[in-house]
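A quick write-up on the structure given underneath.
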Amino acid sequence: MMASMKQSQLFTKTRKEAPRDEEARNAQLLIRAGFIHKEMAGVYDLLPLGLRVVRKIENIIRDEMDGLGALEIQSSALQKKEAWEQSGRWNDEIVDNWFKTELKSGQQLGLAFTHEEAITSMMKSFISSYRDLPIAVYDIRTIFRNEERAKSGLMRGREFNWKALYSFARSKEEHDTFYEKVKDAYLRIYEKLGLGGSTYLTYALGGSFSPYSHEFQTLSEVGEDTIYISDEQHIAVNEEALNEEVLKDLSLSREELREAKAVEVGNIFSLGEKFSRALNLTFKDENGTEQFVYMGSYGIGITRLVGVIAETMSDERGFIWPESIAPFQVHLLVFGENDTLRIEAENLYHDLKNAGIEVLYDDRSARPGEKLADADLFGIPYRVVLSERSKEQGGVELKERKGDEVEYIAQDRLLAELQQRIETI
Ligand code: ATP
Ligand code: MG
């Protein structure tokens, strides 16, 4: 549970106009609502409301990663070039999006765009015997990529937040079992984020260790990827993998697939021995024979998810956050300066807050129209208004952001009513 708060304490301001230097709808709305601040193209600060959304997504992911038995680490952003030279990925012709820097001594460093090399190298300190395996570690952190185009707001940042998971197994079989579990965990994560219906397990080109890699693609008009969906199986094939062999393998026919635009919100890869060979990560098996560790890596774009959700779960007035990741569960508004009303609102705020509901209480002395517009823009799932009019109607006004219906509820029944409705309590 995250803390409740009064809106008078929120330093961020909402804006009526979208910033002129921003084309992406997700960033326009997020900036207007004060969830993020634009530092430069592709680089954003997360402000209190935006950070709450990110934290909630992280926690949903964290639960599922812990459920897989993976352990959380925090890897470093600064990386030494030696490990990357061993895999060939230090070369700018092979990886074109490095941000590189150097120490005062002149020694070159990279700002992490991923961690396969660093973590493989780190694991050499901890893996030596078959008894040390299997292992999985995950990392929720900032990633740096010198992306050529950064016009999609949070969907393609030059600095962004992700979760990466790396797995280390004794054999392909052991790896495959874990890989399947990750696939299921990912599907549960998107479901919990409210994206279950619009996110497809997508078959993409695999590299050399498995016939396919798997992407998770969420439908969006502004998506950069084209996928071909089987509604019956709720899976998709990425454009690049759409060929007869793949279709046959998946028992799909081209006619039953529909084309759609989508955004890659995650992916999972079997790495095989690619990195363990390059960096010499081995273990002694039961017979004392030296073997290469079999690896996998699995990503989820956390800030990209905020962008996709902002893009797809919003209307002309603002966001419509799913309950699981909304910055607050309830937005309590009081209208006017009447002392009795103010005291009642304050009491309601404390009652809801003490019952474990995350409340944003708009205690400012702003006009009702302004408060209502902000409430629509913020997109908190439940809006409660206390005003002279609501009192005449018997209590408070309750409205869900996603619907149009307004209900009046006695003040002493509000808590029970909300507890019944809010899924995540
Ligand atoms: P894309 O093809 O969109 O550039 P990618 O193949 O480079 O993605 P990975 O390197 O596999 O992506 O990263 C894992 C996940 O991180 C992606 O599935 C995506 O959700 C997210 N991601 C990748 N690049 C960005 C970015 N520039 N901004 C925000 N999220 C990103
Ligand atoms: Mg990329």
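Any read-out appearing in this document is the output of simple, stated calculations on the displayed coordinates, not a laboratory observation. This one's a predicted model, so the numbers in the text were calculated from it and none came from an experiment. A quick note on method: Cβ atoms are made from the backbone with ideal geometry, for glycine too, and the neighbour counts reach across all protein chains shown.
Is the shape of segment 1-108 best called rounded, prolate or oblate, per the rule: a/c under 1.5 gives rounded, else a/b larger than b/c gives prolate, else oblate, with a ≥ b ≥ c the square roots of the Cα gyration tensor eigenvalues? Oblate is the answer for segment 1-108, as a/c is 1.5 or above yet b/c matches or exceeds a/b. Shape index of the chain: Rg/Rh, with Rg the Cα radius of gyration and Rh the Kirkwood radius from the inverse mean 1/r over Cα pairs, equals 1.03. Bridging of LYS192 to lysines at a Cα separation below 27 Å is possible for LYS56, LYS163, LYS181, LYS183, LYS261, LYS353, LYS399, LYS402, once same-chain residues fewer than 8 apart are set aside. Considering only SER314, GLY206, ALA236, the residue lying farthest towards the positive end of the dipole of segment 5-315 is SER314, judged by Cα position with unit charges set on Cβ.
Sequentially through segment 276-283, phi angles give Karplus couplings (6.51, -1.76, 1.60; θ = phi - 60°) of 5, 5, 4, 10, 6, 9, 10, 9 Hz, Gly and Pro residues having no value and appearing as x.
Placing one equal scatterer on every Cα of segment 70-136 and applying the Debye formula, the log10 ratio I(q)/I(0) at q = 0.11, 0.21 Å⁻¹ is -0.32, -0.92. Note: relative contact order over the chain, using C-alpha pairs below 8 Å and six or more positions apart, is 17 percent. Each Lys and Arg adds +1 at its Cβ and each Asp and Glu adds -1 at its Cβ; summed about the Cα centre, segment 1-75 shows a dipole of about 560 debye.
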